Amino acid sequence: MAVTAESTEGGGAATRDAGKAAGPGTPRGSMGREGGVLNVFSHGVLFIWGLMVTLPLLWAVMSAFKTDKEIFTSPWALPHGLHFDAWSRAWSQAHMSEYFLNSVIVVAGSLTGTMLLGSMAAYVLARFEFPGNRFIYFLFVGGMSFPIILALVPLFFVMKNMQLLDTYHGLILVYIAYSLPFTIFFLSGFFRTLPTSVAEAALIDGASHTRTFFQVMLPMAKPGLISVGIFNFLGQWNQYLLPTVLNVGDDDKKLLPQGLVALAVSQGYKGDWSGLFAGLVMAMLPVLAAYIVFQRQVQAGLTAGALK
């Protein structure tokens, strides 16, 4: 009986302690129900958002393989056959091939320069202490809050005085300056999460700071580099305002967003809507391909700082 009483008392104490831990006035299982409701609600919102993003994309792809008659008579139905005439018209007659090549040249140069200069500056600001370090860092961060539209007029006259209007290298330099603040902000936080012991071991072995950066630290920062590279690629590939202002006289130097707008105007008057959708899909394909290929690296780069 004594053992039973002690066991009863111990069980009652455990029950009272569990009740106190759960909190006064909290119904048992209410937290689980609230979490389940929140989980269902969040998944529902994500599902609706996914439909809002995916359906227009699928509709544009389907319309690119339709004829103009099918687009107007059955806009939501699947195409009766795969018609590639619109793709050839958009690629050759609407000069999408030239615009595509111009965008590749400019974005390749600007992305390379942005990643090289941004990673070097971010590494120095994150790993070295020197007078003015924080000031330079916050100066770059402050550039993220400066709207580019406010700089268009002085930027135009600066580029004009330097004879950089309607040139590839002029746009490349502007794209690099436009993308550096976000790149440095993103990568400086990422470089701080990397272990210091690895860099110290490389320096002890006789490696210079330059060799340590390029051969040791930069490969370790690969997830962050891919993540910020994808973001810069999206922003530079879809950039419309800067090339519109800085490419004012030479139609041969227009980029893909400019060509797509010109195609929308011209094909709209001609009634060639299938060619317009084909050009739209051409502009979207590189972005989709880049994200699909590097999807895992982007997710790893975004979560690396939280898993330190």
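The values are calculated or read from the model by the stated rules, or taken from the named source; none is laboratory data. Predicted model, so just to flag it, every value in this text is computed and none were measured. Don't worry about glycine lacking a Cβ; one is built from the backbone with ideal geometry, like all the others, and counts go over all protein chains shown. Heads up: the accessible areas ignore ligands, DNA and RNA and are worked out on the full protein's heavy atoms, side chains in. Shrake-Rupley method; radii C 1.70, N 1.55, O 1.52, S 1.80 Å.
Nonpolar atom fraction for region 146-259, defined as the carbon and sulfur part of the 1.4 Å probe accessible area, stands at 66 percent. Over region 212-290, accessible surface divided per residue gives 40 Å², non-protein components excluded, 1.4 Å probe. Within region 97-210, all pairs of alpha-carbon atoms sorted by distance into 5 Å bins from zero give the percentages 2, 10, 16, 17, 17, 14, 10, 6, 4, 3, 0. Annotation: ILE48 carries an accessible surface of approximately 100 Å², with a 1.4 Å probe and no ligand, DNA or RNA atoms counted. Largest first, the residues SER110, SER42, SER145 sort by 1.4 Å accessible area into SER145, SER42, SER110. Residues in region 53-178 average 59 Å² of solvent-accessible surface per residue, probe 1.4 Å, ligands and nucleic acids excluded. Computed with a 1.4 Å probe on the full set of protein chains, the accessible area for MET120 sits at about 80 Å². Between ALA151 and PHE41, the simple spin-label model (points 7 angstrom out along Cα→Cβ) gives 4.1 nm.
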